[in-house]
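Asker: Provided herewith is a single structure, encoded as structure tokens, for subsequent inquiry.
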Amino acid sequence: MFNATNILILITIIAYLAMVVYIGVKFSKQNSDTDNFYLGGRKLGPFVTAMSAEASDMSSWLLMGLPGVALAAGLAEASWTAIGLAIGTYLNWLIVAKRIRRYSIKLNAITVPEFFTKRYKDQKKILQTIAAVVIVVFFIPYTGSGFSACGKLFTTLFPGVNYHTAMIVSAIVIAVYTTLGGFLAASTSDFIQSIVMTIAIVVVFGFGVSVAGGWNSVFDNAAQLPGYLNVFQGYDAANNAAGSYGALPVASTLAWGLGYFGMPHILLRFMAARKEEELTFSRRIASVWVVISMAVATVIGVVGLAMSNVDSAKSFFEGKASETVLINIALYLASKGWVCALICGVILAGVLAATMSTADSQLLAAASSVTEDILTSKFGIKFDVKKQMIVARATVLFISVLGIIIAWNPDSSVFRIVSFAWAGFGAAFGPIVLLALFWKRSNLAGAISGMVAGGIMVFVWKFVIAPVGGVLSIYELLPAFIIALIVNVVVSLCTKAPSEDIVKEFEEVSANK
């Protein structure tokens, strides 16, 4: 199971894990209260804000899900997904980031549900409770997908290693540094992890193209599969034929970008930024990184296809899941000598980094919803500062256990789990975030109705309507987002207008440009 190459790879990965745990220990002393634990005292600089937001966003999906989809089905789904996410990233930074930071400061809100409640003056905390439940419901499987990706990584690297053992150990490491260091540790480690992720995709991309025989060989090989390089067709592996990717599937896939407006772990980065004016610089950094990283990750799938036909590399791809394409390329690199094995270790640490950077943020967002939005705000359970921290950390550990249970099935798809959770947040939170920030006529009844409608419709469309097939088999985020938006607007217009205090706050935030 272990040879010299594997030992070098393992040493590199262990060193990386030790580093992130050290970060958690280092920042543990700065968490004097839950405001710092969950939002870092709004101290994030522009680089950390930008890169921690994007690292927490991309997860293992960037290094496993996206290349895997490209390898298995060609450029159609992967390309339109990446384009939709790139557009959504830019628009979220452009129109939401500054406004939600300014608004959350005015309302003294440290969680997204708390922002909703204070924005609409929800005295009964109904909206806050529903929002907290939505976060827990969708973040637990999202976190579980990250744990699952870690388990798959180690079983791919070290044949014979038990998936469940590897997955649990990975989850424990993530939970430990998140529990100790809170938001600042998660954000700082996410910044470092984004650098490691970048190194990983650049090295794998360059090495893969070289092994495959250059650009021409890569694309000549892909061109032999019908529809593989056509973004309006894609490749149907089951029938070895070109697929069909028309206007409706394109619109459905582009809808991934709508999810950004409702992602709590990204919105929290905006709220935690040190200065509003620094968010412009953060937006530029984030947008450039997202475009380049997703483009390279997509092409890595095509490169993996070409490498799987190279005699010396075939054994690294045969019988392996498409989602492990980047890992397979890295392992082939490791076979070239001890220096390459160490480089491989860094690359594989990048896969871990992608997973951990999202899982830590999700754990904090879910934990804050349970402690701040449900226990403290809704049920009025009061804790002193010391007990608050104990409860907060215990909640992170509890949610980690639930994530492990969700990740228990080794055959679960990282891409599909993330897709469903992404739709849930995008539909439940996206419309209310936009209307809360930019439409003063939006009221509490509309917000509650829209959130409930969006969350329910994701399940209904996914499991009831989409299976019918045909034009109805579109990504559930698109119809659910539209329905939630319409319900929010219609109910707001049909019910009592917001109070003068709410309108005054809205106008003060809007005027402060």
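Asker: Measuring from label point to label point, each 7 Å out along Cα→Cβ, what is the Asn309 to Asn230 span in nm?
Answerer: With each label point 7 Å from Cα toward Cβ, the separation is 1.8 nm.
Asker: Still on this structure: If you average the C-alpha positions of the stretch 124-151 and of the stretch 252-321 separately, how far apart do those two centres end up, in angstrom?
Answerer: So the two Cα centres are separated by 21 Å.
Asker: Moving on. Apply 1/(1 + (r/R0)^6) to the Cβ-Cβ distance of Ile292 and Leu493, taking R0 = 35 Å, and write down the FRET efficiency to the nearest 0.05. Working shown, then result.
Answerer: Values: r = 43 Å, r/R0 = 1.22.
With R0 = 35 Å, the Cβ-Cβ based efficiency is 0.25.
Asker: I've got another one for you. Could you run the Karplus curve 6.51 cos²θ - 1.76 cosθ + 1.60 with θ = phi - 60° over the stretch 277-285 and give me ³J(HN,Hα) per residue in whole Hz, x for Gly and Pro?
Answerer: 5, 6, 5, 5, 5, 4, 4, 5, 4
Asker: Would you mind computing, in nm to one decimal, how far apart the modelled labels at Ile105 and Thr165 are, each placed 7 Å from Cα along Cα→Cβ?
Answerer: 5.1 nm
Asker: Residue by residue, what Karplus-based ³J(HN,Hα) values in Hz, rounded to whole numbers, does the stretch 84-101 have, using 6.51, -1.76 and 1.60 with θ = phi - 60° and x for Gly and Pro?
Answerer: Running phi through 6.51 cos²θ - 1.76 cosθ + 1.60 with θ = phi - 60° gives x, 5, 5, 5, x, 4, 4, 5, 4, 5, 6, 10, 9, 3, 5, 5, 6, 5 Hz.
Asker: Roughly how many percent of the accessible protein surface of the stretch 390-502 is carbon and sulfur, given a 1.4 Å probe and a whole-percent answer? Mind showing how you got there, number by number?
Answerer: Numbers: 3590 of 4800 Å².
Carbon and sulfur: 75 percent of the exposed surface of the stretch 390-502.
Asker: From the phi of every residue in the stretch 65-78, what ³J(HN,Hα) in whole Hz does the Karplus formula 6.51 cos²θ - 1.76 cosθ + 1.60 yield, where θ is phi - 60° and glycine or proline is x?
Answerer: x, 5, x, x, 5, 4, 5, 7, 10, x, 7, 4, 5, 5
Asker: Could you list which residues have their amide H under 5 Å from that of Ala241, counting only those 5 or more apart in sequence or on another chain, with H placed in the peptide plane?
Answerer: Asp236
Asker: Could you tell me whether the stretch 250-332 comes out rounded, prolate or oblate from its Cα gyration tensor? Rule is a ≥ b ≥ c as square roots of the eigenvalues, rounded for a/c under 1.5, then prolate if a/b exceeds b/c, otherwise oblate.
Answerer: Since a/c reaches 1.5 and a/b is larger than b/c, the shape of the stretch 250-332 is classed as prolate.
Asker: Over the heavy atoms of Val490, what accessible area does a 1.4 Å probe trace out, to the nearest 10 Å²?
Answerer: 70 Å²
Asker: Taking a ≥ b ≥ c as the square roots of the Cα gyration tensor eigenvalues, with a/c under 1.5 meaning rounded and otherwise prolate when a/b beats b/c, else oblate, which class fits the stretch 72-158?
Answerer: Oblate, because a/c is 1.5 or more while a/b does not exceed b/c.
Asker: Let me ask you something else. Classify the stretch 191-330 as rounded, prolate or oblate, taking a ≥ b ≥ c as the square roots of the eigenvalues of its Cα gyration tensor: rounded when a/c is under 1.5, otherwise prolate if a/b is larger than b/c and oblate if not.
Answerer: Oblate, since a/c reaches 1.5 and b/c is not below a/b.
Asker: If you project the alpha carbons of the stretch 454-513 onto the principal axes, what extent comes out on each, in Å, largest first?
Answerer: Here the spans come out as 47, 28, 15 Å, largest first.
The values are calculated or read from the model by the stated rules, or taken from the named source; none is laboratory data. What you see is a predicted model; the values in this text were computed from it and never measured. For neighbour counting, all protein chains shown are included, and Cβ atoms are generated from backbone atoms with ideal geometry for every residue, glycine included. Ligands, DNA and RNA are stripped out before the accessible areas are found, and what is left, the full protein with its side chains, is counted by its heavy atoms. Shrake-Rupley method; radii C 1.70, N 1.55, O 1.52, S 1.80 Å.
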